[in-house]
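Input: a single structure, listed below in structure tokens.
The values are calculated or read from the model by the stated rules, or taken from the named source; none is laboratory data. Not measured: the values here are computed from a predicted model. Cβ coordinates were reconstructed from backbone atoms using ideal geometry, including for glycine residues, and neighbour counts include every protein chain displayed.
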Ligand code: ADP
């Protein structure tokens, strides 16, 4: 980390078993350094730090988040300057669950930390890890403003009929049970970029955004406001994901408990970590899945079909909810890179004004681009997401950078 970092935002994503950080200039979008601390709590931890002078990699046991962050800060100081001296404008924290409390990027003080911690029952894997990230970063950089950007915030506009589960009202109220939605920073960023790409005002457009990564979610956006999304109380609902099942009859959970004698921890593990593509095919990575499909593996072929079927169901639902759509945008690892998924999820929809152009769909590009045919009433786009940049910009805007 050296010259040119002044005015940058340090974006910190402290997840359940890994931490990512990146130093980004909010105006240019340039990333001058980035790091990954992974396999926290395992004997074979790893820290990778990329900076303008090269890449540092350490393989070392990382017992917990605090130790991992301290080690990473030491590496940063060893190869360049200590973080406190590089002219950071703000630290932007990616935070998973803002519950009913946080709807906007928020400057973090002790009270905010306490509130995020209080929301841990809604996101037991994520909020405690987020809080540790905040605590360590605030202790290391006490004179720099810290800003929280919440994954749920963009979806606080969901109308009551989309946010409400049809269960006993009192039980729902007492336990904060409603649909919150996740990946909001990405859905907001991508929908704004799509409007910009088309040269249209966000307020004029009905959009569907399909964020297809390891985790996957769809959203329906009217005039820049989210009116529905596929994830719910937790990021388990909705589309088929790498290891998560997405929509499932809640009766399956009861059945697994009553008839299979599984405990709540086992069911949690099954649905969050051993389901989705992995549960169906044995692999969670989409490229590995496609390799198996290419080799004629039947389990992988079914996993692919289930994935596409679920995606089409959501697209259909959102087309109707929005009363017609102007733009459908694909983003994240699978959405940006996989032409098959884009083609198959929108195949045969010419009657609805949706026609994907094969050549445009297969073009090798990483820029925002249109993949619909000229005769398609609906614009179909691929727009790379950049949640870190969105967080950097939100933090800079809030602290007046
Ligand atoms: P997350 O941020 O949720 O961890 P990403 O958005 O990075 O996930 O997406 C990861 C997924 O994208 C993986 O399943 C990976 O296989 C898939 N992916 C990345 N590159 C390609 C590619 N070129 N073709 C197909 N799938 C890809």
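Being touching a strand residue (DSSP E or B) at 6+ places or on another chain (Cβ under 7 Å), part of a loop (DSSP other than H, G, I, E, B) and surrounded by 19 or more Cβ atoms within 10 Å (Cβ to Cβ) holds for only one residue in 155, 182, and it is 182. Is at least one residue of the range 338-345 within 12 Å of the ligand (Cβ to nearest atom), at pLDDT 95 or above and in a loop (DSSP other than H, G, I, E, B)? Checked against the condition, which is being within 12 Å of the ligand (Cβ to nearest atom), at pLDDT 95 or above and in a loop (DSSP other than H, G, I, E, B), the range 338-345 yields at least one hit.
Output yes when any residue across the range 282-294 is farther than 30 Å from residue 203 by Cα, assigned to a helix (DSSP H, G or I), more than 13 Å from the ligand (Cβ to nearest atom) and at pLDDT 95 or above, and no when none is. The answer is no, given that none of the residues of the range 282-294 is farther than 30 Å from residue 203 by Cα, assigned to a helix (DSSP H, G or I), more than 13 Å from the ligand (Cβ to nearest atom) and at pLDDT 95 or above. Name the single residue, out of those in the range 298-337 being outside any helix (DSSP H, G or I) and within 16 Å of the ligand (Cβ to nearest atom), that is farthest from residue 277 (Cα to Cα). It comes out as 329.
Cβ-Cβ contacts under 9 Å between residues 6 or more apart (or on different chains), taken from a first residue in the range 326-345 that is at negative phi to a second residue that is surrounded by fewer than 19 Cβ atoms within 10 Å (Cβ to Cβ) and in a strand (DSSP E or B), are absent. Pull out all pairs, ordered by first then second residue, where Cβ-Cβ is under 8 Å, the residues are six or more apart or on different chains, the first lies in the range 210-236 and is at pLDDT below 95, and the second is in a strand (DSSP E or B). Matching pairs, first to second residue: 235/217. When residues of the range 113-137 are filtered for being within 23 Å of residue 189 (Cβ to Cβ) and touching a strand residue (DSSP E or B) at 6+ places or on another chain (Cβ under 7 Å), how many remain? Qualifying residue count, the range 113-137: 6. Taking first residues from the range 372-385 that are in a loop (DSSP other than H, G, I, E, B) and partners that are at pLDDT below 95 and surrounded by fewer than 20 Cβ atoms within 10 Å (Cβ to Cβ), the Cβ contacts under 7 Å between residues at least 6 apart in sequence or on separate chains come to 384/366. Counting the residues of the range 132-155 that are modelled with pLDDT under 95 and under 21 Å from the mean Cα position of the chain (by Cα) gives 2.
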